[in-house]
Amino acid sequence: PGRQMPVSPEFQAKAEKLLNRATADTHGYIGRLTEDETAILAQFRRMVDTHQPGNKYTDRDLCRFLRARDFVIEGKDKAFEMIKRNMEYVASQPAEDPPLETLRSAYDNGECLPWGRDKRGRQAYFHFSRNHDPANGDIVGLNVITVMDMFVRELDPEGETETFTVVFDLTGFTRANRDMKFNKRIIDTLQNQHPERMGCCILLNAPTIFTIVWSVLKHWLPART
């Protein structure tokens with residue numbers, strides 16, 4: 001993020017065509033809230049400010065947590081619980097990202113590639129699942145989370161673009177690439193620490209074997225997703 005990584009002309013042409021398909025949900029965003037949603041946002045703002053005076057959450061941020069829980073504030077795993085967990089997550093993060101050298105194996109094997117933007121201007125992250133080695137899952141997982149954190153930091157807090165796009169290229173995916181621990185870590189991080197940040201997820205060329213993985217993954221995702 002921040003600079004374009006070199007890619008082949010063939011990849012660039014295919015990637016740009018794919019990213020032009022990315023769509024977006026417009027429900028529950030600032031400027032498009034219903035009267036009821038506006039009132040819920042105001043209530044949520046008061047609760048968040050009381051819990052953590054001087055916090056840096058913008059109304060756009062609060063709307064992300066509300067959208068993730070269908071504008072339900074209170075209750076088990078609802079918006080207020082989510083944002084309190086996020087406060088703890090933010091406070092626990094190191095001041096600097098992990099050194100690139102500790103993450104380079106995720107790039108050296110051709111598995112990960114932050115590259116380009118979709119037609120809505122959202123930064124894109126490509127994951128080539130056929131190159132995933134579960135033995136290296138912890139490093140790759142840390143890399144994915146680091147990139148997501150970087151994407152979020154580079155967004156304009158008051159800008160129209162609030163999300164990023166993720167492309168999972170499943171061409172050549174086999175049983176050897178299955179890694180449920182890695183998948184669970186990424187899903188949990190997206191849902192709990194960066195809710196509503198993944199504006200579009202594209203699963204490309206999913207083979208039959210992926211249906212087994214999906215039969216588990218879908219139960220980790222909220223119905224809205």
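Here is how the numbers come out for the structure above:
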{"quantity": "Residue within the range 105-123 that is assigned to a helix (DSSP H, G or I), without any contact (Cβ under 8 Å) to a residue 40 or more places away in the chain, open to solvent by less than 10 Å² (accessible area, probe 1.4 Å) and within 27 Å of Ser215 (Cβ to Cβ) present", "calculated": "yes"}
{"quantity": "Qualifying positions in the range 173-191 - modelled with pLDDT of 90 or more, touching a Pro at 6+ places or on another chain (Cβ under 8 Å) and open to solvent by less than 60 Å² (accessible area, probe 1.4 Å)", "calculated": "Phe173, Asn177, Asp179, Phe182"}
{"quantity": "Some residue of the range 147-170 being modelled with pLDDT of 90 or more, of a type in the set (Val, Ile, Thr), out of contact with any Cys (no Cβ under 7 Å at 6 or more places or on another chain) and over 25 Å from Phe65 (Cα atoms)", "calculated": "no"}
{"quantity": "In the range 69-96, residue nearest to Asn55 (Cα to Cα) [restricted to those that are in a helix (DSSP H, G or I) and acidic (Asp, Glu)]", "calculated": "Glu88"}
{"quantity": "Tally of residues being open to solvent by less than 60 Å² (accessible area, probe 1.4 Å) and over 15 Å from the mean Cα position of the chain (by Cα) across the range 192-205", "calculated": "1"}
{"quantity": "Selection from the range 45-74 of residues that are open to solvent by less than 40 Å² (accessible area, probe 1.4 Å) and at positive phi", "calculated": "Phe71"}
{"quantity": "Number of the condition not met by Lys119 [criteria: (1) modelled with pLDDT of 90 or more; (2) touching a Lys or Arg at 6+ places or on another chain (Cβ under 9 Å)]", "calculated": "(1)"}
{"quantity": "Of all residues making up the range 146-190, the number that are over 20 Å from Gly110 (Cα atoms), among the hydroxyl-bearing types (Ser, Thr, Tyr) and either free of Cβ contacts under 8 Å to residues at least 12 places away in the same chain or part of a helix (DSSP H, G or I) (or both)", "calculated": "1"}
{"quantity": "Answer from Asn86, Asn136, Asn143 - the residue that is buried (at least 17 other Cβ atoms within 10 Å of the Cβ), without any contact (Cβ under 8 Å) to a residue 40 or more places away in the chain and of a type in the set (S, T, N, Q)", "calculated": "Asn136"}
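Yes/no matrix, rows are residues, columns are (1) under 26 Å from Phe168 (Cα atoms); (2) among the aromatic types (Phe, Trp, Tyr); (3) within 16 Å of the chain's Cα centre (by Cα):
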{"residue": "Phe65", "(1), (2), (3)": "yes, yes, yes"}
{"residue": "Met87", "(1), (2), (3)": "no, no, no"}
{"residue": "Pro99", "(1), (2), (3)": "yes, no, no"}
{"residue": "Leu103", "(1), (2), (3)": "yes, no, no"}
{"residue": "Asn109", "(1), (2), (3)": "yes, no, no"}
{"residue": "Cys112", "(1), (2), (3)": "yes, no, yes"}
{"residue": "Gly116", "(1), (2), (3)": "yes, no, yes"}
{"residue": "Arg122", "(1), (2), (3)": "yes, no, yes"}
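The values are calculated or read from the model by the stated rules, or taken from the named source; none is laboratory data. The model shown is predicted, which means the values in this text are computed figures rather than measured ones. We place every Cβ from the backbone using ideal geometry, glycine too, and count neighbours over all the protein chains shown. Note: areas computed on protein heavy atoms with side chains; ligands, DNA, RNA excluded. Shrake-Rupley method; radii C 1.70, N 1.55, O 1.52, S 1.80 Å.
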